[in-house]
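In what follows, a structure is listed as structure tokens, so that the remarks can point back to it.
The values are calculated or read from the model by the stated rules, or taken from the named source; none is laboratory data. What you see is a predicted model; the values in this text were computed from it and never measured. Using ideal geometry, Cβ is built from the backbone for each residue, glycine included, and neighbour counts are taken over all protein chains shown. Each accessible area value is taken on the protein alone, full model and side chains, heavy atoms only, with ligands, DNA and RNA left out. Shrake-Rupley method; radii C 1.70, N 1.55, O 1.52, S 1.80 Å.
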Amino acid sequence: MAVNSSTHCSPPLNRTLRPRLPFTFLNRTSSRPNFSTEAPNPRLVSVRAHKSGSDGYGYKKSVNLTDTEAPIGSSTSSASSAIDFLTLCNSLKTTKRKGWINHGIKGPESIADHMYRMALMALIAGDIPGVNRERCIKIAIVHDIAEAIVGDITPSDRVPKEIKSRMEQEALNEMCKVLGGGMRAEEIKELWAEYENNASLEANLVKDFDKVEMILQALEYEMEHGKVLDEFFLSTAGKFQTEIGKSWAAEVTSRRNSSNQTGLFVSN
């Protein structure tokens, strides 16, 4: 749930990465019988805990793949890779956002919950000259996708920003391998890097949606659980880059102030 306040582009998207952290595909076997008439066995994808690397940081999960692949280029192979990828992404639905857990919120939103409402924000936002709405929706959907493997890393984890980015980049690369590479995998990488580097008007807007969604969720939890979650409002104040972001954040803040005045929630 970390907030990236940078408004500048990071190094080019084709930058060279440092050596990868340990990330293993276990028990992977492959059989590629030419002209086989037998249907391939289904692939089993699972995610498990994995120790950190030598630098003290590493993936929280590793991917296990057991499969018998169909001939390269077959529709079965494509379907198998797609289901593998979607199965891996299931953890986005089940992994709860750590910032809320740290504040004692019971039954908090998942990573996927957060990304979904951001995509809705991109869908309903008014038109902005030069901004591609469809691209904003896509960026919202993939911006936290690497957390399917690394989990939700927050400022409280004290992981250096560059290490966090490297962990997520490596995780994303492995996820795209599970997908089987190709145009869609490359598009996911491009969208993720565009957001990570704040490299376009679309990325600027989606970063604002990330913050707006967080403070809106904070307000909802304040009202539901009777907590005061000032931290989330203070960490985003003054960091919105777009007029829509500023306007929507101001509306959330205004509603929060009204709730305070009417006593709709009080501190535990």
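Quick rundown of the values:
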| read-out | value |
| --- | --- |
| Among (1) under 20 Å from residue 191 (Cβ atoms); (2) in a helix (DSSP H, G or I); (3) open to solvent by less than 40 Å² (accessible area, probe 1.4 Å), the one test that residue 141 misses | (3) |
| Of residues in the range 202-224 being farther than 24 Å from residue 131 by Cα and crowded, with 17+ Cβ neighbours inside 10 Å, the one nearest to the chain's Cα centre (by Cα) | 217 |
| Tally of residues being closer than 24 Å to residue 191 by Cβ and either open to solvent by 60 Å² or more (accessible area, probe 1.4 Å) or more than 14 Å from the chain's Cα centre (by Cα) (or both) across the range 97-116 | 3 |
| The one condition in (1) under 18 Å from residue 189 (Cβ atoms); (2) assigned to a helix (DSSP H, G or I); (3) in contact with a Phe, Trp or Tyr (Cβ under 7 Å, 6 or more places away or on another chain) that residue 122 fails to fulfil | (1) |
| Lone qualifier among 199, 171, 250 - being surrounded by fewer than 13 Cβ atoms within 10 Å (Cβ to Cβ) and not acidic (Asp, Glu) | 250 |
| Close pairs (9 angstrom Cβ cut-off, 6 or more residues apart or separate chains): β-branched (Val, Ile, Thr) in the range 186-202, not in a helix (DSSP H, G or I) anywhere | 188/145 |
| Number of positions in the range 253-262 that are within 27 Å of the chain's Cα centre (by Cα) and open to solvent by 80 Å² or more (accessible area, probe 1.4 Å) | 0 |
| Of the criteria (1) open to solvent by less than 30 Å² (accessible area, probe 1.4 Å); (2) modelled with pLDDT of 95 or more; (3) in contact with a Lys or Arg (Cβ under 8 Å, 6 or more places away or on another chain), which one residue 153 fails | (2) |
| Members of the range 174-195 found to be open to solvent by less than 40 Å² (accessible area, probe 1.4 Å) and of a type outside the set (Val, Ile, Thr), listed by number | 174, 175, 176, 179, 181, 185, 191, 192, 193, 194, 195 |
| Number of positions in the range 223-232 that are under 21 Å from residue 245 (Cα atoms), in contact with a helix residue (DSSP H, G or I) (Cβ under 8 Å, 6 or more places away or on another chain) and without any contact (Cβ under 8 Å) to a residue 60 or more places away in the chain | 0 |
| Residue check, residue 173 farther than 15 Å from residue 118 by Cβ and in a loop (DSSP other than H, G, I, E, B) | no |
